[in-house]
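For reference, the structure discussed in these notes is given below.
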Amino acid sequence: MRHLTFCAPLGEEELNHVTRIVQNVELHPGDPLFDEGEEATNIYSVTAGAMKVYKLLPDGRRQIIGFLFSGDFLGLADDEVYAYSAEAIIHSTLCRFPRRKLEALLERYPRMERRLLGMASHELAAAQEQMLLLGRKTAREKIASFLLLLGQRAAQRGQTANPVSVPMSRNDIGDYLGLTTETVSRTFTQLRQGKLIALLPAGRVDLLDVEALREIAEGN
């Protein structure tokens, strides 16, 4: 997974310095990584599995703000605390970097810092994509967009884009797209009955008609 991480630009000698500060973390489904408001002492890079990051609203509701997969990083904070909570969706492994030590390495290796900034820009683009999904799209358009987005991200990681892996629950998808669990389930059923998708074992979804899904996602 090195080519997907912010260590990608480093040579072997530089990587030796990185490996001295990194630790491996293993999480089971539902295990928390950190909580919103907790002191931001570490930065993480996902090496396998899937994570969700979320915020709790004042009324107790949960808003999932992203799903993270191999190569994604999390835990960057502008101040001293984490701005969101993170939890494993499935069995996941991560690399943990002590924040202060990593900041020192970034000063020493500008190429890694530039890579990290590029990944942060990608994270911002993903947030903007979610804003679009939460905007004026219908439930059908949101689900179609979401499935296509998961396929695109899988392809970027060098994995199979179709069938697409959907490891998160219907409740998680609803909390990400601003839909009720019932609406998510009903929309999946409608797409399946329309022979646009097929639901496979192990949380996979076969996109039977990608072009039709793309048209739905675009509001056509």
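The values are calculated or read from the model by the stated rules, or taken from the named source; none is laboratory data. Computed from a predicted structure; not experimentally measured. Every residue, glycine among them, receives a Cβ derived from its backbone with ideal geometry; neighbour counts consider all protein chains shown. All accessible areas refer to the heavy atoms of the entire protein, side chains included, with ligands and DNA or RNA removed. Shrake-Rupley method; radii C 1.70, N 1.55, O 1.52, S 1.80 Å.
Looking at the stretch 33-45, is at least one residue within 18 Å of the chain's Cα centre (by Cα), modelled with pLDDT of 90 or more, open to solvent by 80 Å² or more (accessible area, probe 1.4 Å) and acidic (Asp, Glu)? For the stretch 33-45, residues within 18 Å of the chain's Cα centre (by Cα), modelled with pLDDT of 90 or more, open to solvent by 80 Å² or more (accessible area, probe 1.4 Å) and acidic (Asp, Glu): absent. Among the residues of the stretch 177-214, those identified as β-branched (Val, Ile, Thr) and over 18 Å from GLN152 (Cβ atoms) are THR180, THR181, THR183, VAL184, THR187, THR189.
For the stretch 55-72, the condition holds for no residue, the condition being that it is under 16 Å from ASP31 (Cβ atoms) and either among the hydroxyl-bearing types (Ser, Thr, Tyr) or not in a strand (DSSP E or B) (or both). Taking each residue of the stretch 157-186 that is of a type in the set (A, V, I, L, M) and looking for partners that are open to solvent by 60 Å² or more (accessible area, probe 1.4 Å) and at pLDDT below 95 with beta-carbon atoms closer than 8 Å, six or more apart or interchain, yields ALA161/GLN152; LEU177/LEU134.
Number of residues in the stretch 152-164 that are modelled with pLDDT of 95 or more and not aliphatic (A, V, I, L, M) equals 2.
Annotation note: of LEU124, LEU105, LEU116, the sole residue that is modelled with pLDDT under 70 and open to solvent by less than 80 Å² (accessible area, probe 1.4 Å) is LEU116.
Residues being at pLDDT below 95 and touching a Phe, Trp or Tyr at 6+ places or on another chain (Cβ under 8 Å) are entirely absent from the stretch 183-206.
Among the residues of the stretch 174-182, is there at least one that is within 22 Å of the chain's Cα centre (by Cα) and among the small types (Gly, Ala, Ser)? Looking for residues that are within 22 Å of the chain's Cα centre (by Cα) and among the small types (Gly, Ala, Ser), one finds at least one in the stretch 174-182, hence yes.
Residue-by-condition table, conditions (1) in contact with a strand residue (DSSP E or B) (Cβ under 6 Å, 6 or more places away or on another chain); (2) crowded, with 16+ Cβ neighbours inside 10 Å:
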{"position": "LEU179", "(1), (2)": "no, yes"}
{"position": "THR183", "(1), (2)": "no, yes"}
{"position": "LYS195", "(1), (2)": "no, no"}
{"position": "ALA198", "(1), (2)": "yes, no"}
{"position": "ALA202", "(1), (2)": "no, no"}
{"position": "ILE216", "(1), (2)": "no, yes"}
{"position": "ASN220", "(1), (2)": "no, no"}
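Out of curiosity, is GLU87 modelled with pLDDT of 85 or more and either of a type outside the set (A, V, I, L, M) or not in a helix (DSSP H, G or I) (or both)?
On the way: modelled with pLDDT of 85 or more: yes; either of a type outside the set (A, V, I, L, M) or not in a helix (DSSP H, G or I) (or both): yes.
Criteria met by GLU87.
Quick check on the stretch 3-25: of everything there that is open to solvent by less than 40 Å² (accessible area, probe 1.4 Å), within 17 Å of LEU94 (Cβ to Cβ) and not in a loop (DSSP other than H, G, I, E, B), which residue is modelled with the lowest pLDDT? Of everything passing the filter in the stretch 3-25, LEU4 is modelled with the lowest pLDDT.
Selection of first residues in the stretch 199-220 that are free of Cβ contacts under 8 Å to residues at least 24 places away in the same chain and of second residues that are open to solvent by 80 Å² or more (accessible area, probe 1.4 Å), restricted to Cβ pairs under 8 Å at least 6 apart or on distinct chains, gives the following pairs, ordered by first then second residue: LEU199/ARG192; LEU208/LYS195; ASP209/LYS195.
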